[in-house]
Amino acid sequence: PTIAPRRELRANYSAEALPDAKILLKFAATQVVVESYFSTPKPQWVQGSNDYFSHDRRIEQRDEGVVVYDTFTNKTAENLGIMHRHQSNLGDTLQKLWLAGLEKPSATGESRQPANCTTFGAADTWGLGFVASDDVFRVHCTNYAVDGSIGLADNNLVLPPGASYTAQWILVPVEAPDYYRFINTARRFMGANFLIDGGFAFLRGGKLTEAWSDDQVQRFLEYKSPKYVCATIESNYKGRYSHGTAFQQVDHEQYPRAFARWRRLYPNVSCLVYFHCFLDVTDEAEVQFHDARTLRANGSQANYGQEHQRIFLPMTGNSYGAAVSRNVDIILDKLGADGVYWDEHEYSNEQYHYGEPWDHFTGDIDPESMQIRRLKSSVTLLTEDWRVNLATFIQSRGPLIGNGVPYTRAMVALNFPCFVETGAITNCTLSHLYSPIALGDHLTEQSQQDAYETMLAALDYGCVYHWYNDMTVTPTHKTITSQMFPITPIEIHAGYLIGKERIVTRLSGTYGWGDGSRHELHIYNDKGEEVADFGAPFIERDGMTWTELRLAEDWSAVIVRR
């Protein structure tokens, strides 16, 4: 096949807002009706304003889809639960279904994944996608399909008396039954195509790596080819990993030593240190940060599996937010790191907090009585202001890399590269609305060959790769990661990724950018070794240039645009 980025980024469709919260979409020689339903405590499903709340809708037709704005205003003197769902009954025309990026062979199911809050249904020749796009809807979103209907819902919205809120969601008509055609459109709506300027690897400091020779360290870095190298925290606080304010109570001498060595052996490296904002393992934390405890529904404090791994809410103005932010000052000032690696920056283990303060948007609503069972808060929404301010501060000083993708628009707008963990390779779909980066699989990778196979598997989901294991995966040669970056994604696909600067692929095809650029080619065999003098025709046709690749199984390639 001939493979190049789409040039005409416009869908041939029309959209009309109809009474009773309906939208008529016409495209691809078909038409579908999208219907919306809202709960009331009567209990009753309605399709417009009523005694409990007013509803106003505005639709905005853009080149590639429709942005829908639904404004709800609570008319009562009490907190009001409003479940809202938006769906289209495709009936027997529904042939395939993707929820949060995963294909569902039964064409039914549901998903609650803020990272990839998408529903996509495909007929024979076309598809229809839904995306939750405002902060509250994205965090609450359920993507679903049942009995031929596909859609998305917020089953947790609660508004205070007199309060207004606007839910924002996107309808994407696609003139092909192709999930990647849809998700690339959604990525453009969500602002996901920004520069990933370099590779990443973990490398701990301390006794284990200090025992390595300079040659070992240099080969480790040169062969993994990262721009960013992250030193992890140690289990040096009472035998525990020094999460939270425990980091402020331990010795840090290994970090400056490690950084000096890395910079000497591998010039231009950016040295990062691990940071986690929700976990604290100090014995006094439960009392010291009592106002910031993350509470479960039964009133107990949430933890990460062990009692001492307590989870807190870092917020502007509370005790824990002020205390744990000092870790970043230590990392950047005392340790001399260039930047920060931020683990689990949206939430940790518990998505919801049951207690004060309330986020003024979230609760558990009984699906039958439609009454509020109890209030709760999204950890992501409660802590967003604090996290955005800290992330902005880190970026003012140097690089920021994250684990897990941002959920809110303010965090997304910071454009810091984030990866997803691949203990299950299907987790790659969780990166599809942000930077498409897969972290190596810490469970199965025991060798460079294992790591290379994960790189290929990640490409099956349109993702590039960052290195994980340091002590178990010591490389013996450079591999495709040495040519993956920098890359600014234009499109992701099953088996390849097209960036402004380069194309990374494991599939045969005739590749180009639809222009007259020159191409520099790097080919890797099934062991991840670069192969010199690979025969790949360079074609010039109608003012455009193409590279024809015929790749054997488990071979891969990078085409660099010149």
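Can you find even one residue in region 81-103 that is open to solvent by 60 Å² or more (accessible area, probe 1.4 Å), more than 30 Å from HIS432 (Cβ to Cβ) and not in a strand (DSSP E or B)? Checked against the condition, which is being open to solvent by 60 Å² or more (accessible area, probe 1.4 Å), more than 30 Å from HIS432 (Cβ to Cβ) and not in a strand (DSSP E or B), region 81-103 yields no hits at all.
Residues that are among the charged types (D, E, K, R), at pLDDT 95 or above and out of contact with any Pro (no Cβ under 8 Å at 6 or more places or on another chain): find the strands (runs of 3 or more DSSP E) completely inside region 11-50 holding 2 or more of those. Qualifying strands (runs of 3 or more DSSP E): 22-27. Restricting region 518-556 to residues that are touching a Ser or Thr at 6+ places or on another chain (Cβ under 8 Å) and outside any strand (DSSP E or B) leaves a set whose member that is farthest from ARG506 (Cα to Cα) is ARG518. Scanning region 464-501 for residues that are farther than 21 Å from GLU520 by Cα and free of Cβ contacts under 8 Å to residues at least 40 places away in the same chain yields a total of 2.
Quick one: count up the residues across region 502-538 that are open to solvent by 20 Å² or more (accessible area, probe 1.4 Å) and free of Cβ contacts under 8 Å to residues at least 40 places away in the same chain. Number of matching residues: 13.
Filtering LYS104, LYS96 for residues that are modelled with pLDDT of 95 or more, over 28 Å from TRP358 (Cβ atoms) and touching a helix residue (DSSP H, G or I) at 6+ places or on another chain (Cβ under 9 Å) leaves a single hit, LYS96. Of all residues in region 1-24, exactly one satisfies the criterion of being surrounded by 13 or more Cβ atoms within 10 Å (Cβ to Cβ), under 19 Å from PHE182 (Cβ atoms) and of a type in the set (Lys, Arg), namely ARG6.
Residues that are in a loop (DSSP other than H, G, I, E, B) and open to solvent by 20 Å² or more (accessible area, probe 1.4 Å) were ranked within region 231-241; the one that is nearest to ASP197 (Cα to Cα) is THR232. In region 14-33, the residues that are free of Cβ contacts under 8 Å to residues at least 60 places away in the same chain and among the hydroxyl-bearing types (Ser, Thr, Tyr) reach residues that are in a strand (DSSP E or B) and open to solvent by less than 60 Å² (accessible area, probe 1.4 Å) with C-beta atoms within less than 8 angstrom, at least six apart or across chains, in these pairs: SER14/LEU25; SER14/PHE27.
Among residues of region 45-75 being under 25 Å from ASP366 (Cα atoms) and of a type in the set (D, E, K, R), the one that is nearest to the chain's Cα centre (by Cα) is ASP70.
Only residues that are over 24 Å from VAL388 (Cβ atoms) and in a strand (DSSP E or B) were counted across region 119-135, and they come to 8. The residues in region 440-453 that are outside any loop (DSSP other than H, G, I, E, B), in contact with a Ser or Thr (Cβ under 8 Å, 6 or more places away or on another chain) and surrounded by fewer than 24 Cβ atoms within 10 Å (Cβ to Cβ) can be counted, and the count is 2. Within region 357-382, the residues that satisfy the criterion of being touching a Ser or Thr at 6+ places or on another chain (Cβ under 9 Å) and open to solvent by 50 Å² or more (accessible area, probe 1.4 Å) are HIS360, PHE361, PRO367, LEU375.
The values are calculated or read from the model by the stated rules, or taken from the named source; none is laboratory data. All values reported here derive from a predicted model rather than from experimental measurement. FYI the Cβ positions are ideal-geometry reconstructions off the backbone, even for glycines, and counts take in every protein chain you see. Heads up: the accessible areas ignore ligands, DNA and RNA and are worked out on the full protein's heavy atoms, side chains in. Shrake-Rupley method; radii C 1.70, N 1.55, O 1.52, S 1.80 Å.
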